[in-house]
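Q: Could you have a look at this structure, given as structure tokens, before my questions?
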Amino acid sequence: MERTLIIVKPEGVQRGLIGQVIGRFEAKGLKVVGLKLMRIPRETAEKHYAEHAGKPFYDGLVGHITSSPVVVGVLEGPEAVSVTRGMMGVTNPKTAAPGTIRGDYGLDIGLNIIHGSDGQESAQREIGIFFASDELVSYERANDTWVVGA
Ligand code: DAT
Ligand code: MG
């Protein structure tokens, strides 16, 4: 089982899409093992987006993600990182395939609704930035065997 970090970005919260976005992951069978609404402090955003420091869009990116509340979550499941990335669609919503979150809900690259970790290492790093270990909950769901097998 893998875990991955997702963020419903400010535009997702402002547009009332929290439930629809998280509902897609739930419907897929991924398990929510951490979830919170928060306004991201600037230092946290800079840590989270450290790989983009120095890029032309970096200041706008950090400014945007800290501008209004987000919902941060941890999803668990088989190949959760790549499954989540696939459901998000490519970075630019203009070209993201219909049926993906970005493809269905966005039009602007800076307002692309959802963040998801891009690998297992970044997932571990990003989960550690946003969640203390006692905020992540391991639990069985009654229908787990009907989703991921016995
Ligand atoms: P992703 O979110 O698909 O992993 P990324 O890590 O390359 O994409 O970039 C992080 C975020 O930065 C992305 O979700 C939106 C923003 N971004 C990326 N490239 C951009 C660009 N060329 N102009 C404006 N914003 C950009
Ligand atoms: Mg990324």
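Values in this text are rule-based calculations from the coordinates and carry no lab data. Keep in mind that what you see is a predicted model, and the values were worked out from it rather than measured. Note: ideal-geometry Cβ built from the backbone for every residue, glycine included; neighbour counts use all protein chains shown.
Q: Report the extension gain between Ala27 and Glu51 in nm, rounded to one decimal, defined as 0.36 nm multiplied by the number of residues separating them, less their alpha carbon distance.
A: 5.5 nm
Q: What ranking of His115, His52 emerges when the number of other C-beta atoms within 10 Å of each C-beta is taken as an exposure proxy, fewest first?
A: In increasing order of surrounding Cβ atoms, one gets His52, His115.
Q: When Ile22, Ile113, Ile6, Ile40 are ordered from fewest to most other Cβ atoms inside 10 Å of their Cβ, what list results?
A: If I rank by nearby Cβ atoms, fewest first, I get Ile22, Ile40, Ile113, Ile6.
Q: Expressed in nm², what is the orientationally averaged projection area of the convex hull enclosing the Cα positions of the stretch 2-138?
A: Working: hull surface 30.1 nm².
Taking a quarter of the hull surface, the average projection is 7.5 nm².
Q: Here is a follow-up. Run through the stretch 86-150 and list the GluC sites (Glu not before Pro) located in a DSSP loop whose Cβ has at most 15 other Cβ atoms within 10 Å.
A: Glu140
Q: If we count other beta carbons within 10 Å of each Cβ, what is the order of Ser67, Ser138, fewest first?
A: Least to most surrounded, the residues fall as Ser138, Ser67.
Q: As an exercise, identify the chymotrypsin sites (Phe, Trp or Tyr not before Pro) in the stretch 64-150 lying in DSSP coil whose Cβ has no more than 15 other Cβ atoms within 10 Å.
A: Tyr139
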